[in-house]
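> Quick one: structure below, then a few questions.
The values are calculated or read from the model by the stated rules, or taken from the named source; none is laboratory data. Treat the numbers as computed from the prediction; the structure is a model and nothing was measured. Using ideal geometry, Cβ is built from the backbone for each residue, glycine included, and neighbour counts are taken over all protein chains shown.
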Amino acid sequence: MVASIKNSSRIVGLLAFLCVVFIQVQAQDETMNIGNVGISSFKNDTLWTYGNEPILVLVPFEPIMYKSQIDRSIGTNDGTTYNQIVNNFRRGLDNVIYIENQSRYSIVRMIVDEEEIKKDLYALYTASTRDYRVVPKENDGKKEKKIKLLSKKDKNTEEEKQEHGTRIEAGQIVSNDDGQERFMARVIKDSSIFDYMYGKYGSVLYLFINQFDIGPQPGLDNRAFESGEYQRQIKVHYSIYTHKQEVYSGVVVTGFSSEVNSQKDIIIENFPALAQQIANHIPVAITGGIGSEKE
């Protein structure tokens, strides 16, 4: 059974890898209602839409949000430059997420090379900003379907309680580390981008990949590196939005051995599990009208 699951994951990863022009010439917990009349409504952890098919927009991470400590190892192994490595992982992750979700949604991919779509991708980047938050806690490792949607008041209260980071106060540099693990979420500062995207693509769901980290697993001591084999990890930060409303933001993590330096193998063996974890938090979508079923 385990072997079958692993083989299935490798097949999905391989399909994603084949979609990439790879290595050029080898060189959290309550539910709330959302009132977007005429477009969509979020109710009972389900997204109701008027369209014939729910449209999900995949927004890849900005190249500047690629954070790596192992580029020398994987670049030497494959004979690739930094920019090629970023492009391979960026496209590879987008491909795997597409494969994972294509049976549930009609998908608009913003990573394509069409100039018009590129402009819209950068418009999405410009209309949003980064927000580092405390990593949400899972309930004893169990998958939680209900999604916590914070109001602006709740968000402001949470931010006031967690004055974390380095800032300037009264001309002095003040640093405060509360010791909590953080991830990068996406905040929309110009919500009119959703009206534009809906008018052009009919999109009602958005998956933003905010940051991609790859490197040694945190907490390793020097002895682990001296042995030549140690554990690495990939961490993907992401946010999910409906029309003008944040649904969920979080981070997914998977580990792999330092002996694996092929970008192809890293994608095939690890990205499917990451995509599946992310997909678990994308709302179920039902088309044909706003839900009015009996409670």
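> Is it the case that Ile240 is outside any helix (DSSP H, G or I) and modelled with pLDDT of 80 or more?
Judged against the criteria, Ile240 is a match.
> Look through Gln211, Gln277, Gln233 and report the one residue that is of a type outside the set (A, V, I, L, M, F, W, C), crowded, with 19+ Cβ neighbours inside 10 Å and farther than 18 Å from Ile55 by Cα.
Gln211
> Please work out which one of (1) out of contact with any strand residue (DSSP E or B) (no Cβ under 8 Å at 6 or more places or on another chain); (2) modelled with pLDDT of 90 or more; (3) over 19 Å from Asn95 (Cβ atoms) is the condition Asn222 fails and give its number.
It fails just one condition, (2).
> Same structure again: Being crowded, with 18+ Cβ neighbours inside 10 Å, assigned to a strand (DSSP E or B) and touching an Asp or Glu at 6+ places or on another chain (Cβ under 9 Å), is that true of even one residue in segment 186-194?
Yes, some residue in segment 186-194 is crowded, with 18+ Cβ neighbours inside 10 Å, assigned to a strand (DSSP E or B) and touching an Asp or Glu at 6+ places or on another chain (Cβ under 9 Å).
> In this structure, is Asp29 modelled with pLDDT of 60 or more and charged (D, E, K, R)?
No.
> So, one more: Taking Lys146 and the conditions (1) part of a loop (DSSP other than H, G, I, E, B); (2) within 26 Å of Asn101 (Cβ to Cβ); (3) charged (D, E, K, R); (4) modelled with pLDDT of 55 or more, which numbered condition does it fall short on, given that it satisfies the others?
Going through (1) part of a loop (DSSP other than H, G, I, E, B); (2) within 26 Å of Asn101 (Cβ to Cβ); (3) charged (D, E, K, R); (4) modelled with pLDDT of 55 or more one by one, Lys146 breaks only (4).
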